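Working notes, structure below.
Readers should treat all values here as calculations from the given coordinates under stated rules, not as data from a laboratory. These numbers were taken from a predicted model, which means no experiment stands behind them. Ideal geometry is used to build each Cβ from the backbone, glycine not excepted, and the neighbour counts take in all protein chains shown.
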Amino acid sequence: MTKRQEDDVGGLCGTRCVTIIVLGDIGRSPRMRYHAESLSKEGAFVHMIGYCSSVPIPESLANDPAVRVHAMAEPPAFLSRKY
């Protein structure tokens, strides 16, 4: 692992690093949040990527030092129009 990679995972060299991509709002995805918490408890460093627009991330997940939440920008409105 390079020094840059160590910095990206908070210096957790030798730790499994998992990325969870949520195709929707993380706050409305209890199963994905549960997966992140479970992986963290098993010693993995977890990156969660998804939308963070509606429901706040639970404190148990937000305060976990092994979990990083990366918010995606909301898609443009024209993509959600019904034709």
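Brief remarks on what is shown
- With the simple spin-label model, which puts each label point 7 Å out from Cα in the Cβ direction, the residue 19 to residue 31 separation comes to 2.2 nm.
- Note on segment 15-74: percent of Cα-Cα distances in each 10 Å bin, starting at 0 and stopping at the bin with the largest distance, equals 25, 61, 14, 0.
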